[in-house]
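See below for the structure under consideration.
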């Protein structure tokens, strides 16, 4: 398979993942608006207040910023892909922190929502894993291409020869 076709397929896959990420997460938000839209500063507990602010930034990041980053990456803004881990991991990390705080304060976790509403298995667990897998593939592809391309440049900055090894 030619390199251009491989790149086209990978960019198509990235665009498709961005669309599915955005659509599924925002449909989940529309289904459970009370879970996502609340005043995080209304909590009396300072630790929980901080966690809820981070959680709010996290779900906005994974639901909206991550798909935008993927679309920008597929539109040749290659360096933007470096922000993907932050956008992908802020939400699950905030959920883990909330689980730990809940356990410390009450002696129990609240994983029952995953059983009651299985869509959260996708948004809270699978989607971050998928996004990190894509980020690792992007990083690997970028490094492979960087190692495989050699060129000779003149003093004026014009490329005399470019060769894919």
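The values are calculated or read from the model by the stated rules, or taken from the named source; none is laboratory data. Note that the structure is a prediction, hence the values are computed from the model and not measured. Every residue, glycine among them, receives a Cβ derived from its backbone with ideal geometry; neighbour counts consider all protein chains shown.
Structure summary
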{"quantity": "Residue in the stretch 134-146 that is farther than 22 Å from residue 20 by Cβ and in contact (Cβ under 8 Å) with a residue 12 or more places away in the chain present", "calculated": "yes"}
{"quantity": "Flag for residue 3 being exposed (fewer than 11 other Cβ atoms within 10 Å of the Cβ) and either at positive phi or modelled with pLDDT under 90 (or both)", "calculated": "yes"}
{"quantity": "Residues located in the stretch 110-135, provided they are modelled with pLDDT of 95 or more and outside any helix (DSSP H, G or I)", "calculated": "117, 118"}
{"quantity": "Residues (surrounded by fewer than 16 Cβ atoms within 10 Å (Cβ to Cβ), touching a helix residue (DSSP H, G or I) at 6+ places or on another chain (Cβ under 7 Å) and under 15 Å from residue 48 (Cα atoms)) located in the stretch 94-123", "calculated": "101, 109, 110"}
{"quantity": "Hits in the stretch 80-110 - residues which are within 15 Å of the chain's Cα centre (by Cα) and over 18 Å from residue 32 (Cβ atoms)", "calculated": "80, 81, 82, 83, 84, 85, 86, 87, 88, 89, 90, 93"}
{"quantity": "Selection from the stretch 34-70 of residues that are out of contact with any helix residue (DSSP H, G or I) (no Cβ under 7 Å at 6 or more places or on another chain) and more than 16 Å from residue 124 (Cα to Cα)", "calculated": "34, 37, 38, 39, 42, 44, 45, 46, 50, 68"}
{"quantity": "Selection from the stretch 66-89 of residues that are more than 18 Å from residue 17 (Cβ to Cβ) and buried (at least 21 other Cβ atoms within 10 Å of the Cβ)", "calculated": "none"}
